[in-house]
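Every number here is computed from the coordinates shown, using simple stated rules; none is lab data. Keep in mind that this is a model prediction, so the values were computed, not measured. Because the Cβ atoms are built from the backbone with ideal geometry, glycine has one as well, and the counts that use them run over all protein chains shown.
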Amino acid sequence: MLRRSVQFAIGIFLYGFAIGMMLQATIGVSPWDVLGQGLALRTGLPFGVATNIIGALVLLLWIPIRQRPGWGTVLNVVFVGYSAQVALAVVPAVDSPWIRVPLFAAGLVLLGVATGLYIGAHFGPGPRDGLMTGIHRRTGWPVWRVRVGIELVVLAIGWALGG
């Protein structure tokens, strides 16, 4: 249990940190991060706080689909935004494409490693993945269709908010 807890904590921290790295590279981000940027822009909240709020709101969407969160789900909501904010504070924004591209690539690789760590600890899915798997379970729709639909809606809302 201790090993899994440490693995989870490191994975969650690195996941948010990787998001912050990719944001600072200013090449592109996931639809959920576009939504986080848009919410932060419209409210004046820091990106990390906006990310945490979005995670909490997504958890509310679990109620009608009868999805049950694990401890990891709740901790994901609390700490991913925080660690993204840490990265935004310590990783400088860069202008040179010679630095932006490797920074983005490093963030993307780190995101993959972090995902493996926190999901591999088996403390529950993140709120966004749980929404996807819950909708799939309740509707029988293919996972890829559910995922694409969610991502398109989230991207459209984030873009409309200015993210």
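General remarks:
- Taken over the stretch 137-148, the criterion of being loosely packed, with under 15 Cβ neighbours inside 10 Å and under 17 Å from the mean Cα position of the chain (by Cα) is satisfied by Val148 alone.
- Test: residue in the stretch 115-122 that is in contact (Cβ under 8 Å) with a residue 40 or more places away in the chain, surrounded by fewer than 20 Cβ atoms within 10 Å (Cβ to Cβ), farther than 18 Å from Asp33 by Cα and among the β-branched types (Val, Ile, Thr): yes
- Ile10 vs. criteria touching an Asp or Glu at 6+ places or on another chain (Cβ under 7 Å) and assigned to a helix (DSSP H, G or I): no
- Restricting the first member to the stretch 30-59 and to residues that are within 24 Å of Ala105 (Cα to Cα), and the second to residues that are β-branched (Val, Ile, Thr) and not in a helix (DSSP H, G or I), the beta-carbon pairs closer than 9 Å and six or more apart or on different chains are Gly36/Val29; Gln37/Val29.
- Of all residues in the stretch 60-85, exactly one satisfies the criterion of being in a helix (DSSP H, G or I), touching a residue at least 40 places away in the same chain (Cβ under 8 Å) and surrounded by fewer than 16 Cβ atoms within 10 Å (Cβ to Cβ), namely Trp71.
- Criterion violated by Thr26 - all others in (1) without any contact (Cβ under 8 Å) to a residue 24 or more places away in the chain; (2) on the phi > 0 side of the Ramachandran plot; (3) of a type in the set (Val, Ile, Thr) satisfied: (1)
- Every condition in (1) within 23 Å of Leu75 (Cβ to Cβ); (2) of a type in the set (Phe, Trp, Tyr); (3) part of a helix (DSSP H, G or I) holds for Phe123 except the one numbered (3).
- Unique residue being crowded, with 21+ Cβ neighbours inside 10 Å and assigned to a helix (DSSP H, G or I) when the list is Gly134, Gly112, Gly55: Gly55
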